[in-house]
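J.: My questions all concern the structure below.
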């Protein structure tokens, strides 16, 4: 069990916010039973609501005897106090934007590097595609450049959840986080990284970002999106 939690904690160690401390490790080592909590099916229309409710259940379990929690569908493990703080934030959220920010911090691994591309994991829990960034080079980037890439991916995730135009994002559209930042081309691709029955599989695919200076790999269009209705973060069909 410690190994499973160690992998989960390491997946977001770069963000430094999961606050998994000595008391949390002691709780993992001392556990004598495991409980699995299954959510209702997650769709594009219900993703935010189901994920908010799952966070509330997490807090309730921790307040009533559970000692550690790991999400099997994105590989996230926060410390006890971090889970409770995130649940409080979600419960107090007054706008969809506030709720989205909390849920992304709770359930999504913002960036993983597979040696060629960078990708997020867990956006399917919010009813959205993950983000994949393909810089076109496998060379180790300078820290400033890597930070720009990570920031681009995180902002793209929020954009997909809260600021998409009514017609949705179209293949070939440009994206940048600032006027003087790198311009990326967005293309939708299927999730082939994980098998369909893998908890990490995203049925909505990925939005792949490639530098505008070179030809992006053409993405595969997925089925038409359903309108999102939760908390008014809709998209008209």
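J.: Restricting the search to the range 124-135, which residues are surrounded by fewer than 22 Cβ atoms within 10 Å (Cβ to Cβ) and in contact with a helix residue (DSSP H, G or I) (Cβ under 7 Å, 6 or more places away or on another chain)?
T.: Matches in the range 124-135: 135 only.
J.: Now, a different point. Mind listing whichever residues of the range 147-190 are under 21 Å from residue 51 (Cα atoms) and not in a helix (DSSP H, G or I)?
T.: Initially, the range 147-190 is screened for residues under 21 Å from residue 51 (Cα atoms), giving 153-164.
Listed by number, the residues that qualify are 163, 164.
J.: What residue, among those in the range 1-41 that are closer than 14 Å to residue 73 by Cα and touching a helix residue (DSSP H, G or I) at 6+ places or on another chain (Cβ under 7 Å), is surrounded by the most Cβ atoms within 10 Å (Cβ to Cβ)?
T.: Here the residue is 5.
J.: Just for the range 87-123: of the residues that are over 22 Å from residue 43 (Cα atoms) and surrounded by 20 or more Cβ atoms within 10 Å (Cβ to Cβ), which one is nearest to the chain's Cα centre (by Cα)?
T.: 111
J.: List every residue pair whose Cβ atoms sit under 6 Å apart, with the two residues 6 or more apart in sequence or on different chains, where the first one lies in the range 74-102 and is within 16 Å of residue 39 (Cβ to Cβ) and the second, anywhere, is part of a loop (DSSP other than H, G, I, E, B) and modelled with pLDDT of 95 or more.
T.: 74/122
J.: Sticking with this structure for a sec: Within the range 130-146, track down each residue that is free of Cβ contacts under 8 Å to residues at least 60 places away in the same chain and not in a helix (DSSP H, G or I).
T.: In the first step, residues of the range 130-146 are kept if they are free of Cβ contacts under 8 Å to residues at least 60 places away in the same chain; the result is 137-146.
Selection gives 137, 138, 139, 140, 141, 142.
J.: Further, regarding this structure: Could you check the range 111-129 and list, in sequence order, the residues that are outside any loop (DSSP other than H, G, I, E, B) and in contact (Cβ under 8 Å) with a residue 60 or more places away in the chain?
T.: First, pick out the residues of the range 111-129 that are outside any loop (DSSP other than H, G, I, E, B): 111-113, 118-121, 123-126.
Scanning the range 111-129 gives 111, 112, 119, 121, 123, 124, 125, 126.
J.: Further question: Restricting attention to the range 155-182, and to residues there that are farther than 26 Å from residue 106 by Cα and surrounded by 14 or more Cβ atoms within 10 Å (Cβ to Cβ), which single residue is modelled with the lowest pLDDT?
T.: Across the range 155-182, the extreme among qualifying residues is 182.
J.: Next question, about the same structure. Is it the case, given these coordinates, that residue 46 is surrounded by fewer than 14 Cβ atoms within 10 Å (Cβ to Cβ) and farther than 13 Å from residue 20 by Cβ?
T.: So residue 46 does not fit the description; no.
The values are calculated or read from the model by the stated rules, or taken from the named source; none is laboratory data. What you see is a predicted model, and the numbers here were worked out from it, not measured in a lab. Note: ideal-geometry Cβ built from the backbone for every residue, glycine included; neighbour counts use all protein chains shown.
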